[in-house]
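Written below as structure tokens is the structure these notes are about.
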Ligand code: HEC
């Protein structure tokens, strides 16, 4: 029997509720209310699950908002390669007829440029792992994380203005670039390709 209450809602007769298509909804709602009652009447440890729920709801949309602007190739050309070049060119030796000349950053500004380049290399590891760029969640992730790690070391060396450490960190960066190219860009980029080295 159909029994509409005065405010237009369907009455409590199960058949009516099924007809009105609200059975599942209202039963779930009742169960949720009961669980919430239990939850709030628990004497301790209320904030743990509550915080976990808040963290979950705060994280999910954040991830979806990440939208790559360019593909891997564009990121290499526009960001990673230029930054690595600045870092590699910062420290070294040049041999000419007058002998060996050491290349070192000569001012605060030049040292800062080296730090910024290292920072870009390190942070690029995160950009490589974004969905839309990541080729897989295995070796690609490992190598992207390796780029972050060597980038951090490179940043430390530059911040400490230690030119020997900058030279060594530059070699480590180079090693990570080549490793990834050997696996993921073998068709387009040979290890000795001037573009990647
Ligand atoms: C996690 C993997 C990965 C790492 C780490 C990586 N690359 Fe790449 N790189 C690629 C892939 C894949 C391509 C090929 C992209 C394509 O053609 O679609 C590429 C292409 C390039 C290119 C060629 C772009 C062109 O002209 O087509 C350059 C230059 C380059 N990378 C520089 C670097 C440098 C410098 C580093 C280290 C600082 C580095 N990459 C680190 C994956 C990586």
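Once you have all Cα-Cα distances for segment 101-146, histogram them in 5 Å bins from zero and send the whole-percent values.
5, 21, 19, 14, 11, 11, 9, 8, 2, 0
Quote the relative contact order of segment 72-184 in percent (integer), defining contacts as alpha-carbon pairs under 8 Å separated by 6+ residues.
Working: 126 pairs, mean separation 29.6, N = 113.
Answer for segment 72-184 is 26 percent.
Is the C-alpha gyration tensor of segment 72-184 telling us rounded, prolate or oblate? Criteria: a/c under 1.5 is rounded; beyond that, a/b larger than b/c is prolate, otherwise oblate. The partial results should precede the final answer.
On the way: a/c = 2.36, a/b = 1.97, b/c = 1.20.
Since a/c reaches 1.5 and a/b is larger than b/c, the shape of segment 72-184 is classed as prolate.
State the extension gain, in nm to one decimal, for the chain segment bounded by residue 103 and residue 79, taking 0.36 nm per residue of separation less the distance between their alpha-carbons.
So the extension gain works out to 6.3 nm.
Sorted by packing (mean other beta-carbon atoms within 10 Å per residue), highest first, where do 112-122, 131-141 land?
112-122, 131-141
Fully extended, how many nm does the chain gain between residue 168 and residue 188 (0.36 nm per residue separation, minus their Cα-Cα distance)?
Between residue 168 and residue 188, full extension yields 4.5 nm more.
Each label point is 7 Å from the Cα along the Cα-to-Cβ direction; what then is the distance between the points at residue 149 and residue 71, in nm?
3.0
Every number in this text was worked out from the coordinates using simple rules, so none of it is lab data. Predicted model only: the values in this text are computed from it and were never measured. Positions of Cβ are backbone-derived with ideal geometry, glycine not excepted, and every protein chain shown enters the neighbour counts.
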